[in-house]
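Values quoted throughout were computed directly from the atomic coordinates according to the rules given, and no laboratory measurement underlies them. Keep in mind that this is a model prediction, so the values were computed, not measured. Here the Cβ is made from the backbone with ideal geometry for all residues, glycine too, and neighbour counts use every protein chain on show.
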Amino acid sequence: MGIALDTSDPVEKRDAEMPVSGDAPAGPPEAPGPGRRDAVPAPDVDRAALLGAALAAVVALSFGSAGEWDWLATAVGLALLTVITVFFRLDGRAAPVRRAELAAFAAVAALCATLVVAAPVQSALQWFTPVGRTCAAAGAVADAVALDTGRERLAAAVAAGRFRPGDPAVPDDGTLRTAAAETGRTAEAECLGAATSRWLWVPAVILAAGVFLMTDRRAARRR
């Protein structure tokens with residue numbers, strides 16, 4: 001029995017086995033594995049975060065302007081500033097578009113910063129300006145008026161026979177004084193809150209202008 005020998009040229013055999021350029025590879029395409037990621041670029045600017053922070057700041061300013069500003073507004077403003085600082089990024093657009101985005105960012109940042117400075121500004125007005133003395137006087141007047149009104153109404157109710165002598169439902173003078181003091185504190189707080197809201201536009205304008213100028217200058221240097 002003879003042995004068949006392969007006398008073909010190995011170079012020609014290798015060229016015959018190689019696929020022709022332009023032919024589709026045999027078999028289904030390789031499925032992406034768990035460790036692979038699609039090459040989708042992440043957005044540079046998360047405008048949803050910017051719009052959400054603006055909406056939250058406007059709502060907080062609208063409802064917080066009634067009554068006294070508290071330090072919770074400061075915490076809310078700091079949280080919103082953190083959100084827009086983390087998510088806002090400038091892209092390589094033309095100067096007019098970039099400045100429009102900067103103006104929007106500066107306006108939202110100013111609204112959030114207004115929440116931050118509201119309580120400190122109110123404290124400064126209360127302790128270092130005549131506004132604090134005026135609001136304290138308004139609270140004292142409201143306290144006295146509420147106490148006198150409560151006593152008159154109680155006396156009229158007793159005279160009309162609505163309450164019997166010794167009735168436990170009849171408020172004593174200490175209860176009337178406590179209610180009147182609460183009314184006075186509410187009046188003073190509303191006075192301070194209104195005075196603070198009238199001055200909040202000053203730091204808002206300063207902060208908006210400062211944020212816009214500094215960010216625009218930094219973006220121009222990068223370009």
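Under the condition of being under 21 Å from Thr134 (Cα atoms) and among the aliphatic types (A, V, I, L, M), which residue from the stretch 165-223 is surrounded by the most Cβ atoms within 10 Å (Cβ to Cβ)?
Here the residue is Leu192.
Regarding Phe87, is this residue touching an Asp or Glu at 6+ places or on another chain (Cβ under 8 Å) and either within 29 Å of Val59 (Cα to Cα) or basic (Lys, Arg) (or both)?
Considered against the rule, which asks whether it is touching an Asp or Glu at 6+ places or on another chain (Cβ under 8 Å) and either within 29 Å of Val59 (Cα to Cα) or basic (Lys, Arg) (or both), Phe87 comes out as yes.
Of the residues Val117, Val131, which single one is within 23 Å of the chain's Cα centre (by Cα), part of a helix (DSSP H, G or I) and touching a residue at least 24 places away in the same chain (Cβ under 8 Å)?
From the options Val117, Val131, the qualifying one is Val117.
Looking at Ala75, Ala103 in this structure, which one is over 19 Å from Met214 (Cβ atoms), small (Gly, Ala, Ser), assigned to a helix (DSSP H, G or I) and within 18 Å of the chain's Cα centre (by Cα)?
Going through Ala75, Ala103 in turn, just one is over 19 Å from Met214 (Cβ atoms), small (Gly, Ala, Ser), assigned to a helix (DSSP H, G or I) and within 18 Å of the chain's Cα centre (by Cα): Ala75.
I'm trying to understand the selection: among the residues of the stretch 144-156, which are within 50 Å of the chain's Cα centre (by Cα) and among the aliphatic types (A, V, I, L, M)?
Ala144, Val145, Ala146, Leu147, Leu154 - these are the residues of the stretch 144-156 that are within 50 Å of the chain's Cα centre (by Cα) and among the aliphatic types (A, V, I, L, M).
Could you please let me know if Arg153 is more than 30 Å from Thr134 (Cα to Cα) and assigned to a helix (DSSP H, G or I)?
Considered against the rule, which asks whether it is more than 30 Å from Thr134 (Cα to Cα) and assigned to a helix (DSSP H, G or I), Arg153 comes out as no.
Being without any contact (Cβ under 8 Å) to a residue 40 or more places away in the chain and β-branched (Val, Ile, Thr) is the filter here, so list the residues in the stretch 185-213 that pass it.
Those that are without any contact (Cβ under 8 Å) to a residue 40 or more places away in the chain and β-branched (Val, Ile, Thr): Val202, Ile206.
Hey, does the stretch 104-125 have a residue that's more than 21 Å from Val205 (Cα to Cα) and surrounded by fewer than 19 Cβ atoms within 10 Å (Cβ to Cβ)?
no
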